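Before any comments, here is the structure.
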Amino acid sequence: MPYEIYFATGNPDKFREAKEIFGKNAAGMPLNHFQFAHREIRSDSLEEIAREAVSAAHAQLGRPVFVEDSGLFIDALNGFPGTYSAWVQGKLGNRGLLKLLESEPDRAARFEACIAFNDGKTTRIFHGACNGTIAEKEHGRGGFGYDPIFVPKGESSTFAENIELKNKYSHRYKSLLALISYLKI
Ligand code: IMP
């Protein structure tokens, strides 16, 4: 184990998922929460947002820390809500988004996550993506955000109906595994 590592986020759902993934895949590397209330920059790039946020987090904390910026990109909406996913979830919610897709046959979408890790010397970037489709209506009560309307590719239930699917396919899971394998080197 190289050192104590912190996840800077104001989103308790993201931290809960990351803690579980660290617990299962990085035994002996405990994950700490840095409660981080940061005003993100506006950009169409998850990486640009994550890079800026991690420098701010490291400047405040002074320890090895990572942030994760993520979003849902819907093909029929030219990638909307993308990097604005948190804001759109708050304003429109899943029902509002489903309305935008009413009678739209192309339901393809993907979740993307970008982790930026800063150890005081360098910033490293790790990406994760999960392809899938947007359901016709909300299903399930697990997870958070867009989980009730997102069906990962090859499955028939939403993430919210079968939360175990997140530990198999999710954008967060994939980007965290990439970070963990880097930290283990
Ligand atoms: P941000 O990374 O803080 O900008 O927020 C990303 C937003 O995307 C979250 O607030 C959710 O609305 C959505 N999102 C990101 N990851 C997930 C996920 O795993 N499930 C459902 N929604 C997600």
Rounded to the nearest 10, the angle in degrees between the Cα long axis of helix 46-61 and the longest principal axis of the Cα atoms of the chain comes to 40 degrees
Under 17 Å from a point 7 Å along the Cα-to-Cβ line of Met29: which residues of the stretch 49-72 have their amide N that close? 63-68
Cα long-axis angle, helix 171-184 against the chain (0 to 90 degrees, to the nearest 10): 20 degrees
For the chain, what does the helix formula give at 222 nm: sum of -39500 (n - 2.57) over DSSP H segments with n ≥ 4, over the residue count, nearest 500 deg cm²/dmol? -10000 deg cm²/dmol
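Can you tally the net charge around Gly145? Count Lys and Arg as +1, Asp and Glu as -1, for every other residue whose Cβ sits under 15 Å from the Cβ of Gly145.
Values: positive: Lys14, Arg16, Lys91, Arg95, Arg110, Arg141, Lys166, Arg172; negative: Asp13, Glu17, Glu68, Asp69, Glu112, Glu138, Asp147, Glu161.
Within the 15 Å Cβ shell, the charges total 0.
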Any idea how far the Cα center of the stretch 29-94 sits from the one of the stretch 121-181, in Å? 15 Å
On a 0 to 90° scale, report how tilted helix 12-25 is relative to the longest principal axis of the chain, with both axes built from alpha carbons and the result rounded to the nearest 10. 70 degrees
Subtracting the Cα-Cα distance from 0.36 nm times the residue separation, let me have the gained length for Trp87 to Asp44 in nm, one decimal. 14.1 nm
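Measure off, as a whole percent, the carbon and sulfur share of the 1.4 Å-probe accessible area of the chain, all protein chains present.
Details: 4610 of 9410 Å².
Of all accessible area on the chain, carbon and sulfur atoms account for 49 percent.
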Write out the trypsin sites (Lys or Arg not before Pro) in the stretch 14-44 meeting two conditions: DSSP loop, and at most 11 other Cβ atoms within 10 Å of their Cβ. Arg39, Arg42
Cα principal axis extents for the chain, largest first, Å: 51, 33, 22
Give the accessible surface of the stretch 1-119 per residue, rounded to a whole number of Å², with probe radius 1.4 Å and ligands, DNA and RNA excluded. 51 Å²
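Using the per-residue mean of other Cβ atoms lying within 10 Å as a proxy for protection, in what order, highest first, do the peptides 51-60, 145-154 fall? Numbers along the way, then the final one.
Values: 51-60: 18.7, 145-154: 21.0.
In decreasing order of mean packing, 51-60, 145-154 become 145-154, 51-60.
The values are calculated or read from the model by the stated rules, or taken from the named source; none is laboratory data. This one's a predicted model, so the numbers in the text were calculated from it and none came from an experiment. Cβ coordinates were reconstructed from backbone atoms using ideal geometry, including for glycine residues, and neighbour counts include every protein chain displayed. Each accessible area value is taken on the protein alone, full model and side chains, heavy atoms only, with ligands, DNA and RNA left out. Shrake-Rupley method; radii C 1.70, N 1.55, O 1.52, S 1.80 Å.
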